[in-house]
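Here is the structure we will look at, set down as structure tokens.
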Number of protein chains: 2
Amino acid sequence: MSDHIRLYIPGPIEVSPKSFEAMCKPMIGHRSKDFQALYGGMQERLQTLFETKQPVFLSTSSAWGIMEGALRNLVAKKVLCCGNGAFSDKWVDVAQRCGKQAEGLMFEWGQPVDPETVREKLSTGEFDAMTLIHNETSTGVTSPLAEIAAVVREFEDVMLIVDTVSSFSAEPTPVDINGIDVMLTGSQKALALPPGLALFTVSDAAFARAETIKDRGYYFDFLEFKKNQEKDMTPSTPCIHTINGLNAKLDDIFNEGVENRYARHQRLNGLVADWVTNNGFEFFAPEGYRSIGLTCIKNNREIDVSRFNQLLIENHSLTINGGYGKIKGITFRVSNMGDETDESIAGVLAAMDDSLAKL
Amino acid sequence: MSDHIRLYIPGPIEVSPKSFEAMCKPMIGHRSKDFQALYGGMQERLQTLFETKQPVFLSTSSAWGIMEGALRNLVAKKVLCCGNGAFSDKWVDVAQRCGKQAEGLMFEWGQPVDPETVREKLSTGEFDAMTLIHNETSTGVTSPLAEIAAVVREFEDVMLIVDTVSSFSAEPTPVDINGIDVMLTGSQKALALPPGLALFTVSDAAFARAETIKDRGYYFDFLEFKKNQEKDMTPSTPCIHTINGLNAKLDDIFNEGVENRYARHQRLNGLVADWVTNNGFEFFAPEGYRSIGLTCIKNNREIDVSRFNQLLIENHSLTINGGYGKIKGITFRVSNMGDETDESIAGVLAAMDDSLAKL
């Protein structure tokens, strides 16, 4: 067993030697021209990835910080929190902890968020914001972003807050065309960087809303991010090393080609899907709503998932995830995000074959 | 001019190759036994450094996040914010942005916080919390922590929140003996790590206070940190790479010996102080209140600080700081924090001699 257990869990995932090398660049002052050049130099490529004309902000936090920040910046009346898994379900509780009126719109784990149900709820006129997790990492379910966003656009006062933590850069998540007010993601999923850096955009309507809202605080104040970004800076001391890693990762992404990257994720995801069906397993997500970056496998064969993963670790120095929260053991998850290749995914699947045979 | 401009600004500072190497360890899952072993394995050494029996928490944020968090967790009535420089002055504004009643107790930049004045203000009974920056990085002034803490202890209901961002691990900052309710620091000062990781402690009284306070949010909720720390975990996905760096840095610190480290910082600070007086400069801080980790030099010779620093960069591939905010150019600052040695500081001072002669 190697010291290095390769991660095929849905984040954090493997960080490449090249990314690590970039993170080892000497420190620079965060109020220096060097930092401005670093951050400013990434802006256009980040906007291309987010498909937006708005600036892309960097927050030294994990994505939950910006999830909370979005609530503090945008919710005056009441927020509707779409829940269909462990992470999206939690958002309503976080909103209430921020002193916000919040209501959950809950779907069964494994199901996507339904646009029609969203329309019904928003039609009550009770809400001025809605939260959605595009790809619910705990269940491997992707909700139909464009359809849901179209519904939310029918309600002018409702701010759409979208978490793309485990879909961003694995598949297109266009901001402007969907009219997304806040879109946020993290560094440790398909961007294949260590955790601790969140990326997000804010629409003009959302900035205008924020201006009317008190108690936004400082650390996650979107207007503070805007003011600083205009000088290619961040409100607080940023995680310079991780940002250096992001800069190098953007080089990788644009060298590969954004569309090629999406196609690769799709192709690798297909390899995992083939393994699932070839081995008599089923998907936890319904057809048409399966994540591109990870696969949540229904354990219909009732294998000992914990033992299965232990064999992968011991014999193959790699690990998958044995299911999250209340579907632990009932499901297991395999990531194909980040820098994985046809060869590396084939290797994982061969290891899974071997371990399945040894159960 | 080298690509690597060595930083003698008061943070971020130089990160050693050893620290970078530690940060390049393969990723691990943050809900794994490996992470629990990593975080749990640091706890005793962190407690030794903080001089506390309370757990030490790790926040994936810069220190301002926890500064804001302390306000959100502890202030019910009104907070007194001691201000004597750019960073401490800002705290009253941040408190108000968090929706808290706040009042500044302002001292002239360059002066320490005065315990007697603190007593007078707290005697009004208006306050249930107080913020103090132990070492105000913008002015290089250290306030008398033990004396101020003793005063605050006279007022049972007043929570003492202390920022030791630029003093922690450069000099003793004991938590328990001073009865500090929240003590916080960051990774990019004397710990000589990249930014993006904050460390903090919370007293039992502060936990009890937090339980009575709503709207604490989630990301910086101290009770959430406590609940997770009991399992050697963090509430949100942590910056694993930086935490690996911290672990290696703790090895360095305890190999050197904590007392030896403090003595080294004191000695190197003395070398800088000698340069100041030998060159006809003065200190911005009064005698007895000068920072151990950095020196804020009064530009009484009225040199062109910007040009001086430019010569250091161009001819010696190192940079100091040309003063912060309203005292830019009127002062300049040299750091001796982190891994610096007698030799490296002698090198900086020789470069400063050379650049001074060339002005």
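The numbers here are math on the coordinates, done by the rules we state, and not lab data. Predicted model only: the values in this text are computed from it and were never measured. Reconstructed Cβ throughout: ideal geometry from the backbone, glycine too, with neighbour counts over all protein chains shown.
Tabulated data for the structure shown
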read-out	value
Pairwise label distance in nanometres, A:R267 with B:E147, each label 7 Å out on the Cα-Cβ vector	7.1
Pairwise FRET efficiency - A:E156 versus B:Q43, Cβ, R0 = 60 Å, nearest 0.05	0.75
Gyration tensor (alpha-carbon) shape descriptor, the range B:319-359, a/c threshold 1.5	oblate
Neighbouring partner chain Cβ atoms per residue of B:231-242, average, 10 Å criterion	6
Fewest-first ranking of A:C24, A:C296, using other Cβ atoms within 10 Å as the exposure measure	A:C24, A:C296
Global form of the range B:156-238, assessed from the alpha-carbon gyration tensor, a/c cut-off 1.5	oblate
Which of A:M42, A:M23 has the fewest Cβ neighbours within 10 Å, and the rest in rising order	A:M42, A:M23
FRET E, pair A:N260, A:E211, Förster distance 35 Å, beta-carbon r, rounded to 0.05	0.30
Sorted peptide list for A:99-107, A:338-346, criterion being average Cβ within 10 angstrom, highest first	A:99-107, A:338-346
Positive-pole candidate from B:Y289, B:L145, B:H241, dipole of chain B, charges at beta carbon	B:H241
Cα gyration tensor shape of the range A:17-254, rounded if a/c is under 1.5, else prolate or oblate by comparing a/b with b/c	prolate
Amide hydrogen neighbours beyond the local backbone of A:I133, cut-off 5 Å, H modeled	A:D163
Exercise: per-residue mean of other protein chain Cβ atoms within 10 Å, A:179-192	1
Net charge, B:S317 excluded, C-beta distance under 9 Å - Lys, Arg +1, Asp, Glu -1	-1
Spin-label zone in the range B:315-359 - amide nitrogen under 13 Å from a point set 7 Å from the Cα of A:D34 along the C-beta vector	B:316-321
Bins of 5 Å, starting at 0 and running to the largest distance - Cα pair percent for the range A:185-226	6, 19, 24, 17, 15, 13, 6, 0
For B:M233, A:M183, order by how many other beta-carbon atoms lie within 10 Å, fewest first	B:M233, A:M183
Label distances, nm, B:K18 versus same residue in remaining copies, Cβ-directed 7 Å point	3.2
Paramagnetic label zone (point 7 Å from Cα along Cα-to-C-beta, A:S317; backbone N under 13 Å) in the range A:7-41	A:7
GNM top mover of A:V162, A:V94, A:V334 - chain A, alpha-carbon springs below 10 Å	A:V94
Pairwise FRET efficiency - B:S306 versus B:R119, Cβ, R0 = 45 Å, nearest 0.05	0.60
In sequence order, calculated HN-Hα J values of the range A:240-249 (Karplus, 6.51, -1.76, 1.60; Hz; x Gly/Pro)	4, 4, 5, 5, 4, x, 4, 4, 5, 5
Ascending list, in nanometres, of distances separating the A:D304 label from those of the other copies (7 Å, Cα toward Cβ)	7.7
GNM top mover of A:G140, A:G186, A:G270 - chain A, alpha-carbon springs below 10 Å	A:G270
Per-residue mean of C-beta atoms belonging to partner chains within 10 Å, peptide B:29-40	2
Label point 7 Å beyond Cα along the C-beta direction, distances from B:I213 to other copies (nm, shortest first)	2.1
Summed residue charge, Cβ within 9 Å of B:V348's Cβ, Lys/Arg positive, Asp/Glu negative	0
Point-to-point label distance, A:K227-A:D204, nm (Cα→Cβ direction, 7 Å offset)	2.2
For the protein assembly as shown, convex hull volume per residue from C-alpha positions, Å³	142
The range B:154-171 - phi-based ³J(HN,Hα) in whole Hz, Karplus 6.51/-1.76/1.60, Gly and Pro as x	5, 10, 4, 7, 8, 7, 9, 10, 10, 8, 10, 3, 9, 10, 4, 6, 8, 8
Distance histogram in 10 Å bins (all Cα pairs of the range B:235-328, percent per bin)	13, 31, 28, 23, 5, 0
